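The values are calculated or read from the model by the stated rules, or taken from the named source; none is laboratory data. Here the structure is a predicted model, which is why all the values come from computation and not from measurement. Cβ atoms come from the backbone with ideal geometry, glycine included; neighbour counts cover every protein chain shown.
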There are 2 protein chains.
Amino acid sequence: MLTNKTKAQTKAGKTYQLILDAAAKLFSKQGYHGTSLKEIASNVGMQAGSLYYHFESKEVLMQEVLDKSIQLIYSTVQSEVAKLDKQAGFAELLTAAIHGHLIAILSYSDYTLASIRNYGQIPAAVHKASQFARDDYEQFWRGFIQQAERTGAIREGVDGHLLRLSVFGAMNWASVWFDSKENNAADVEKIAKFQANIFLNGCLPEGEKYGI
Amino acid sequence: MLTNKTKAQTKAGKTYQLILDAAAKLFSKQGYHGTSLKEIASNVGMQAGSLYYHFESKEVLMQEVLDKSIQLIYSTVQSEVAKLDKQAGFAELLTAAIHGHLIAILSYSDYTLASIRNYGQIPAAVHKASQFARDDYEQFWRGFIQQAERTGAIREGVDGHLLRLSVFGAMNWASVWFDSKENNAADVEKIAKFQANIFLNGCLPEGEKYGI
DNA sequence: GTTAGAATCTAATACACTTTAGAAAAATAA
DNA sequence: TTATTTTTCTAAAGTGTATTAGATTCTAAC
């Protein structure tokens with residue numbers, strides 16, 4: 001053929017995305033095992049069997065959803081961090097990373113919720129496909145926190161490992177209680193600033209310290 | 001009959017608990033829809049059909065697991081808080097509550113993981129059974145945080161609502177990465193102290209503040 | 001308008017699931 | 001021991017599942 005369309009322009013390419021979106025939405029709400037191919041197909045106006053023209057199995061479909069989830073998060077975080085000055089310090093970096101992560105998981109919540117909710121209750125083989133991307137993203141956080149530990153941007157005695165896990169927890173949990181119908185982008189920024197503020201400064205009144 | 005045994009002593013009572021434990025373990029690992037009654041029954045040496053002598057349906061079985069999960073968490077937190085002096089301040093209270101919550105979700109992780117992982121992907125009717133207990137527990141946290149806001153134990157401008165949700169996120173997320181085979185009770189206490197420390201004091205070096 | 005290829009549907013296979021009813025076995029009481 | 005109750009099993013019903021193969025329809029190039 002003479003016309004040379006990119007994947008996103010072909011009919012199959014568009015259908016592929018529609019299916020992926022529907023799958024992410026349903027996986028996030030009902031879990032992997034609680035969602036049937038018939039239901040996914042129905043959401044895009046197809047019959048269950050027709051999905052197999054686009055995906056080779058339900059497991060692969062889930063793999064794609066998980067993979068896209070990580071890609072969305074990491075790229076959003078990177079674009080937020082890229083806005084910073086070159087000489088931005090740890091506090092600015094942490095704030096930007098939290099903001100990016102929250103934008104991703106609260107705006108593309110179908111994908112990220114599918115990832116968060118189903119992680120741990122899907123076959124191990126399904127995980128592997130997105131493991132590299134997940135490691136990459138984790139390494140990014142490890143990296144700038146470790147540097148903060150070395151340069152003294154973090155208080156002596158604060159375990160960087162536990163800090164990262166706690167920040168992740170606070171952020172990811174937001175995808176459970178945040179209601180994207182009631183809230184908007186401004187609210188996301190408010191949450192991001194709050195969490196960065198708390199993890200940097202704590203919640204005690206200025207000048208007060210407890211137990212250190 | 002003359003003998004008047006308590007429920008836990010009867011054969012049925014013991015079997016009931018065994019089934020509940022097996023169900024919690026499997027629900028936590030594979031999710032509600034990913035776990036079959038056959039699998040649960042097999043874990044206690046029974047046939048799937050026999051479960052119906054003890055439970056009227058799979059949904060009710062899940063309800064019991066969710067209910068026990070909340071009971072375990074709340075009672076553990078209460079017993080930790082009860083150890084405090086009467087005039088204990090907000091910082092002590094928060095630390096004790098975090099410790100109790102973490103003990104519960106990391107020690108009885110089958111039940112609590114089943115609750116956390118399946119929340120949001122099970123039929124609404126299943127939720128309702130444990131909603132009251134959940135509300136009670138949430139009210140406990142709301143209560144002492146609101147009081148801290150009123151008395152100035154929390155810095156001006158810190159939203160108590162977001163603080164509670166962030167603390168919950170950091171704690172509950174621990175159930176995802178914490179490995180009870182590798183770690184022990186001492187590690188749980190370490191995590192609790194770390195999280196209380198971070199939420200109270202932040203991670204910046206002493207004397208430093210950012211953005212306030 | 002014809003034709004090749006892309007996209008979807010239909011219908012069936014094979015299997016797993018929850019739940020039920022009644023038989024069987026085990027435990028307890030008389 | 002015998003009778004009764006409690007507990008478990010067996011077998012089946014009915015429904016839903018992922019997946020496949022082949023027929024069918026739609027799309028786009030010529």
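The table that follows gives values for the structure above.
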{"read-out": "Pair list, Cβ < 8 Å and 6+ apart or interchain, from region A:24-42 residues that are more than 22 Å from B:V126 (Cβ to Cβ) to residues that are aromatic (F, W, Y)", "value": "A:A24/A:Y111"}
{"read-out": "B:A91 free of Cβ contacts under 8 Å to residues at least 60 places away in the same chain, at negative phi and in contact with a helix residue (DSSP H, G or I) (Cβ under 9 Å, 6 or more places away or on another chain)", "value": "no"}
{"read-out": "Of all residues in region B:21-30 being buried (at least 18 other Cβ atoms within 10 Å of the Cβ), closer than 24 Å to A:S28 by Cβ and away from DNA strand C (no atom under 11 Å from the Cβ), the one that is farthest from the other protein chains (Cβ to nearest Cβ)", "value": "B:A24"}
{"read-out": "Single condition B:A104 does not satisfy, out of (1) assigned to a helix (DSSP H, G or I); (2) in contact with a Leu (Cβ under 9 Å, 6 or more places away or on another chain); (3) surrounded by fewer than 22 Cβ atoms within 10 Å (Cβ to Cβ)", "value": "(3)"}
{"read-out": "Test for A:E80: is it part of a helix (DSSP H, G or I) and crowded, with 18+ Cβ neighbours inside 10 Å", "value": "yes"}
{"read-out": "All positions within region A:37-54 that are of a type in the set (A, V, I, L, M) and more than 6 Å from DNA strand D (Cβ to nearest atom)", "value": "A:I40, A:A41, A:V44, A:M46, A:L51"}
{"read-out": "Matching residues, region A:108-138, being assigned to a helix (DSSP H, G or I), of a type in the set (S, T, N, Q) and surrounded by 15 or more Cβ atoms within 10 Å (Cβ to Cβ)", "value": "A:S109, A:T112, A:S115, A:N118, A:S130"}
{"read-out": "Selection count where residues are away from DNA strand C (no atom under 12 Å from the Cβ) and more than 26 Å from A:S175 (Cβ to Cβ), scope region A:31-57", "value": "2"}
{"read-out": "Any hit, region A:58-74, residues being within 30 Å of A:N201 (Cβ to Cβ), away from DNA strand C (no atom under 16 Å from the Cβ), modelled with pLDDT of 95 or more and part of a loop (DSSP other than H, G, I, E, B)", "value": "no"}
{"read-out": "Residue list for region B:139-187, filter: polar (S, T, N, Q) and outside any helix (DSSP H, G or I)", "value": "B:S180, B:N183, B:N184"}
{"read-out": "A:E59 vs. criteria touching a Leu at 6+ places or on another chain (Cβ under 9 Å) and surrounded by fewer than 19 Cβ atoms within 10 Å (Cβ to Cβ)", "value": "no"}
{"read-out": "B:V167 being more than 7 Å from chain A (Cβ to nearest Cβ), crowded, with 19+ Cβ neighbours inside 10 Å and touching a Leu at 6+ places or on another chain (Cβ under 6 Å)", "value": "no"}
{"read-out": "Residues of region A:188-212 that turn out to be more than 7 Å from chain B (Cβ to nearest Cβ) and either among the small types (G, A, S) or in a loop (DSSP other than H, G, I, E, B) (or both), as a count", "value": "4"}
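Table: residues versus (1) within 14 Å of chain A (Cβ to nearest Cβ); (2) closer than 20 Å to B:N118 by Cα.
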position: B:S36; (1), (2): yes, yes
position: B:M46; (1), (2): no, no
position: B:E59; (1), (2): yes, yes
position: B:E64; (1), (2): no, yes
position: B:S69; (1), (2): no, yes
position: B:Q87; (1), (2): no, no
position: B:F90; (1), (2): yes, no
position: B:L93; (1), (2): yes, no
position: B:I98; (1), (2): yes, no
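Conditions (1) farther than 19 Å from A:L113 by Cα; (2) surrounded by fewer than 23 Cβ atoms within 10 Å (Cβ to Cβ); (3) in contact with a helix residue (DSSP H, G or I) (Cβ under 7 Å, 6 or more places away or on another chain), marked per residue:
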{"site": "A:E149", "(1), (2), (3)": "yes, yes, yes"}
{"site": "A:D159", "(1), (2), (3)": "yes, yes, yes"}
{"site": "A:L162", "(1), (2), (3)": "yes, yes, yes"}
{"site": "A:M171", "(1), (2), (3)": "no, no, yes"}
{"site": "A:V176", "(1), (2), (3)": "no, yes, no"}
{"site": "A:S180", "(1), (2), (3)": "no, yes, yes"}
{"site": "A:D187", "(1), (2), (3)": "no, yes, no"}
{"site": "A:Q195", "(1), (2), (3)": "yes, no, yes"}
